[in-house]
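Single-structure report; data block below.
The values are calculated or read from the model by the stated rules, or taken from the named source; none is laboratory data. Every value quoted in this text rests on a predicted model; they were computed, and no experiment measured them. In this analysis, Cβ positions are derived from the backbone assuming ideal geometry, glycine residues included, and neighbour counts consider all displayed protein chains. All accessible areas refer to the heavy atoms of the entire protein, side chains included, with ligands and DNA or RNA removed. Shrake-Rupley method; radii C 1.70, N 1.55, O 1.52, S 1.80 Å.
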Amino acid sequence: MSEAPTGSGAPASASGGSGGSTEEQRRAKVERLRAQGVDPYPHSWEGRTHAADILAAHDPAELGEGEHPELAYRVMGRVTGKRGHGKTAFLDVRDVSGTIQAYARRDKVGPEAFERIEELDIGDVIGVDGVVHVTKRGQVAIAVRECVLLAKSLRDPPDLFHGISDPETRYRRRELDLMANAESRRVFKLRSDLLWEIRNYMNSRGWIELETPVLQRLPGGAAARPFVTHHNALDRELYLRTATELYLKRAIVGGYEDVYELGKFFRNEGMSPQHNPEFTMLEMFVGGADYNGVMEFVEQMVASVVETVLGTTKVVRDGVEIDFAAPWPRVRLRDELLRETGLDIYEASRDELAEVAGDAVDETDDWAGVVDKLQGKLVEPKLIQPTYIIDLPIDIWPLVKEHPESPRVCEAFDGIVAGMEIVGGGTDLNDPVEQRRRFVKQRERQERGAVSDPHPHDEEFVRALEYGMPPASGCGLGIDRLLMLMTGAKTLRDVIIYPAMREAPGEDA
């Protein structure tokens, strides 16, 4: 009996997709099965074992060639390859863990069952019950005792061997991308692992995970345009959250110390390779610490979870090795811009700085806005290794304490990797009188046109501060951007499983 190898090349029937069956033929097969009393979509296939677990559990050299009836398994997966050799059929069956070969002999399963196996198409989901068989090529396979169609694929699947290269198809039809591209499956498994390890790191150190409202009475905690919706029963507008900061701080007032929330956030702004209107962020607050404390915690946490997930703190991006290992360097924005422009931002006027910034500056930008533009233009692109830029314009950070060196800046930081911001935070303002004054100042900036979406004057939050909030420092860590760095992705669409997309030509509104 000849046996076809797996993994040595594209199975003949897999490279073309359906293996010769059109959509019409696939639907006809379904009707024939139903006419024979066979349900092509049965309710269950229990007692299954993953392909990778079977392959890992058995050394073919120790078992020896042939069948091993004492080692029985049930697997469930998609047919990704199919070959026929007279009275023997070979199937490649792939589940979430990997691919295992199954082979069926006509004299073992019977003529009727064998004909149904021969009728299978690439893309069909099947259940296989059988025993371990070591092939002549020394591979662990499953000798089929029973093969059940669990879900008939009515459509021609994508190329399951070469994958999908067209990005539009990958992002809009993620199910096809996952079906065809092993790298996409790896990325989203890494995403799951990353979220798990972050929670494990925080919880094992006594942090409390809270759940704050997604629908908020006022948008607050981030200077970003919110999504607005209407609550019919309350007859009022509500906002999808742009941040959780104000609610988490109120919980600190109530008696918690180290708190966090890991979840979805929404900002009604433009899209780019680094921006999606719906994204995942870790927002957290370290009780009793200033911004040095939260920076230390973040760098240690990120280094730990990256190493746990990847097995190393090092990644390669654009040919450059990046090391997440702590500690991360800290550079003062004042020093960096003095080096780049020759101007001391603590002393320079708005117009002096704007002349250096050039076209990056809008007429409505005030001093803080110009400094922020200079940071993005001259400083961030040069920071490849994880680095904190510290002591940032206070008018952009209305929830952060003033820096002792200058009233123009505050104890805020941006964490930059590969020229991209992945985290930002600072020492939290806990003086209610000063907080109210800052909110008013932000409103004035909006009226001058310097900022379009300021923090609203949330009097409920200020009232909570009046009960006394202990010292704390906090930050927001972008999970999607961190995963981009970990995987080498060039756009958020590669790490967000269902990214926002513009309407495709001809697509219904």
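Work out from phi, with θ = phi - 60° and the Karplus expression 6.51 cos²θ - 1.76 cosθ + 1.60, the ³J(HN,Hα) of each residue of the range 344-359, listed in order in whole Hz, and give x for Gly and Pro.
Result, rounded to whole Hz: 8, 5, 6, 10, 5, 7, 4, 5, 4, 6, 5, 4, 6, 5, x, 5.
Return the sequence-ordered ³J(HN,Hα) values of the range 285-295 in whole Hz as given by the Karplus equation 6.51 cos²θ - 1.76 cosθ + 1.60 applied to θ = phi - 60°, using x for Gly and Pro.
Working through the residues one at a time gives 9, 9, x, x, 10, 8, 5, 5, x, 6, 5 Hz.
Any chance you could tell me what percent of the C-alpha pair distances in the range 369-457 go past 15 Å?
62
Translational diffusion coefficient of the chain at 25 °C, 0.890 mPa s, Stokes-Einstein with Kirkwood Rh over Cα pairs, in µm²/s as a whole number.
Stokes-Einstein gives a translational diffusion coefficient of 92 µm²/s.
Would you mind getting the accessible area per residue of the range 156-284, heavy atoms of the protein chains only, 1.4 Å probe, in Å²?
That works out to 50 Å² per residue.
Where does the range 99-228 land on the Kirkwood hydrodynamic radius, alpha-carbon pairs, in angstrom?
Values: mean 1/r = 0.0505 Å⁻¹.
When all Cα pairs of the range 99-228 are included, the Kirkwood radius is 19.8 Å.
For residue 364 and residue 182, what does the FRET efficiency come to when R0 = 56 Å and r is the distance between their Cβ atoms, rounded to the nearest 0.05?
0.70
Would you pull out the residues with amide H under 5 Å of residue 263's amide H, same chain only if 5 or more places away, H placed 1.01 Å from N?
Under 5 Å from the amide H of residue 263: 281, 283.
If each of residue 257 and residue 108 carries a label point 7 Å out from its Cα toward its Cβ, how far apart are those two points in nm?
With each label point 7 Å from Cα toward Cβ, the separation is 6.3 nm.
How far apart, in nm, are the 7 Å Cα→Cβ label points at residue 307 and residue 209?
2.3
Within 15 Å, Cβ to Cβ, of residue 465, how many net charges do the neighbouring residues add up to if Lys/Arg are +1 and Asp/Glu are -1?
Value of the local net charge: -1.
Calculate what fraction, in whole %, of the accessible area of the chain sits on carbon and sulfur atoms when a 1.4 Å probe is rolled over the protein chains.
It is 48 percent, rounded to a whole number.
May I ask you to order 433-442, 63-72 by the average number of other C-beta atoms within 10 Å around their residues, highest value first?
Per-residue mean Cβ counts within 10 Å order the peptides as 433-442, 63-72.
When only C-alpha pairs under 8 Å and at least 6 residues apart count, what is the relative contact order of the chain, in percent?
Computed over the chain, the figure is 12 percent.
What residues qualify as long-range amide H neighbours of residue 403, i.e. H under 5 Å apart, gap of 5 or more or another chain, H built at 1.01 Å from N?
Amide H neighbours of residue 403: 409, 410, 411.
Leaving out ligands and nucleic acids, note down the accessible area per residue over the range 301-391 with a 1.4 angstrom probe, in whole Å².
About 47 Å² of surface per residue is accessible.
Could you go through the range 484-493 in sequence order and give the Karplus-derived ³J(HN,Hα) for each residue, using 6.51 cos²θ - 1.76 cosθ + 1.60 with θ = phi - 60°, rounded to whole Hz, and x for Gly and Pro?
Result, rounded to whole Hz: 4, 5, 5, 9, x, 5, 9, 9, 4, 5.
Using only the alpha-carbon atoms of the range 359-509 as identical scatterers, what base-10 log of I(q)/I(0) does the Debye formula give at q = 0.08, 0.09 Å⁻¹?
Taking Cα atoms of the range 359-509 as identical point scatterers yields -0.31, -0.39.
If you stretched the chain out fully between residue 320 and residue 25, how much longer would it get, using 0.36 nm times the residue separation minus the C-alpha to C-alpha distance?
Using 0.36 nm per residue and subtracting the Cα-Cα distance, I get 101.1 nm.
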